[in-house]
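The values are calculated or read from the model by the stated rules, or taken from the named source; none is laboratory data. Being a predicted model, the structure only gives us computed values, none of them experimental. Quick reminder, even Gly has a Cβ in these numbers, built from the backbone with ideal geometry, and neighbours come from all protein chains shown. For accessibility, only protein heavy atoms count, side chains too; no ligands or nucleic acids. Shrake-Rupley method; radii C 1.70, N 1.55, O 1.52, S 1.80 Å.
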Amino acid sequence: MNLSKVSKHHCLLQFRIHINPQETNLPKIPFGPFNLFIQRRWKKPANTAQTRLESRTIDSKLNRLTTYLKKLKTILKIYELMSNRKRGPFVSLQLMSRWTNIVGLNVGMGEFVHKHPHVFDVFTHPVRRNLCCRISGKFKGLVSEEEGLVKDCELEGAKRVKRLLMMSKNGRLHVHALRLIRRELGLPEDFRESVLGKYKEDFRLVDLEIVELVDKDENFGVAEVEKWREKEYREKWLSEFETKFAFPINFPTGFKIERGFREKLKNWQMLPYLKPYEGNEVVQVGACGGKNRYEKRAVAMIHELLSLTVEKMVEVERLAHFKKDFGMEVNVRELLLKNPGIFYISTKGSTHTVILREAYSKGCMIEPNPIYVVRRKMLDLVLLGCRNTRELQAEEEIKNGSDSLIRKAFAGNTTVGEWVVPILESFDNVNDHDDPGEIIDASEEFDGC
């Protein structure tokens with residue numbers, strides 16, 4: 001009884017002066033029936049952008065798509081490194097192993113190359129007898145086709161840049177921000193000279209890193225979401241009040257709708273806001289409903305930017321470079337997480353990618369464009385993996401025949417240099433005959449494509 005009184009007095013003392021028993025030298029009191037009255041303080045769970053990102057509803061198809069696109073970007077980086085070499089069209093695997101950290105691979109370069117025989121052509125060097133690698137003719141043809149389409153669609157790229165300038169606060173954008181999303185906008189690599197410098201009646205370079213809009217075009221003052229609103233108004237017979245400021249909402253499978261969420265969403269859909277092309281004034285946050293209108297304008301600007309891209313997706317870190325030019329004083333990642341029916345953030349890979357949900361269905365774009373179609377062919381070629389086709393079997397037979405030619409050349413004491421060049425040229429001829437259009441459809445990776 002004396003011990004129980006002492007422990008009870010000890011607990012009361014800690015409860016009154018709010019001392020943590022771990023911070024004192026007194027022995028820790030075990031859990032029991034005599035200390036149930038002790039108040040235990042639990043920390044409130046944190047509600048941050050990181051916790052909301054981790055607890056969001058996962059879209060497996062879009063995650064799978066971003067994983068495959070990351071692999072395609074890695075192969076394009078390897079292709080760029082191989083193209084910059086001046087010694088020849090092939091590189092030894094020993095040298096390519098040094099590029100593992102440059103391209104961001106978490107596996108060995110040799111293992112990665114052998115997993116994609118339709119993209120990489122591995123052969124034994126006829127002189128040094130070491131393994132060498134070069135890009136296959138199919139993949140080269142697709143890359144050349146994409147470059148040709150980007151050059152042909154130069155005017156469309158200029159229109160996209162002009163629309164971005166019309167959305168900016170002062171009619172100006174940083175060239176560095178455009179350079180970060182150059183591939184997403186379908187611009188050529190030298191867009192500074194071929195687009196900004198060519199169309200001087202639309203663009204003016206104020207500084208080395210700032211481009212300014214010369215004159216606005218009223219024909220470009222209609223956002224892409226207005227087409228959807230007009231379609232909803234005509235086909236579903238909705239009132240103008242319901243569709244004038246609404247956005248297409250597509251929640252992922254398994255999304256939990258809480259009590260009162262539908263009413264809040266309905267009020268948000270009908271909330272008026274200043275549209276991206278209507279003016280450069282910023283809505284005051286302190287006004288009545290100003291914060292919600294300001295955030296909705298930011299949602300509309302990000303929605304329009306994603307609609308102008310080729311694949312309707314951009315990395316979140318690169319999207320943040322437009323905050324200052326667009327006058328968006330908001331946390332971009334939190335804004336995207338607040339609207340899961342409009343945007344989806346994929347965390348696959350080393351970066352976070354935001355995708356426009358309305359543009360995709362079952363991992364495929366609903367309304368594809370020519371540049372997207374070519375890039376999808378590249379992705380299908382990568383997804384073939386180690387599946388052997390008739391074209392690859394024919395190439396292997398020709399390579400085996402070339403190896404026999406090498407043995408005959410050594411047997412006849414032919415000087416080095418007379419027989420190496422025709423053998424390499426025969427490899428080029430084989431790869432040049434590959435037709436990029438004869439790719440086996442690997443679209444079963446995506447349902448419904």
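Packing around the peptides 217-228, 176-187, taken as the average count of other Cβ atoms within 10 Å per residue, puts them in this order, highest first: 176-187, 217-228.
Convex hull volume per residue, computed on the Cα atoms of the stretch 84-240, equals 210 Å³. Surface exposure of the stretch 43-150, expressed per residue as accessible area with a 1.4 Å probe, stands at 54 Å². Full extension of the chain segment joining Met270 with Ala320 gains 15.3 nm, where the gain is 0.36 nm per residue of separation less the Cα-Cα distance. Inter-label distance, Glu242 to Trp99: 5.5 nm, where each label sits 7 Å from its Cα along the C-beta direction. Surface composition of the stretch 204-263: carbon plus sulfur atoms contribute 50% of the solvent-accessible area (1.4 Å probe, protein chains only, all chains present).
Computed extension gain for Asn130 through Arg179, at 0.36 nm per residue and net of the alpha carbon distance, reaches 13.7 nm. Peptides 380-386, 47-53, 341-347 ranked from most to least packed, by the mean per-residue count of other Cβ atoms within 10 Å: 341-347, 380-386, 47-53. Given their separation in residues at 0.36 nm each and the Cα-Cα distance between them, Ser92 and Glu230 gain 44.0 nm when the chain is fully extended. Between Asp207 and Val222, the distance separating the two model label sites (each 7 Å from Cα on the Cα→Cβ line) works out to 3.7 nm.
The protection proxy used here, the mean number of other Cβ atoms lying within 10 Å of each residue, ranks peptides 160-172, 82-94 as follows, highest first: 160-172, 82-94.
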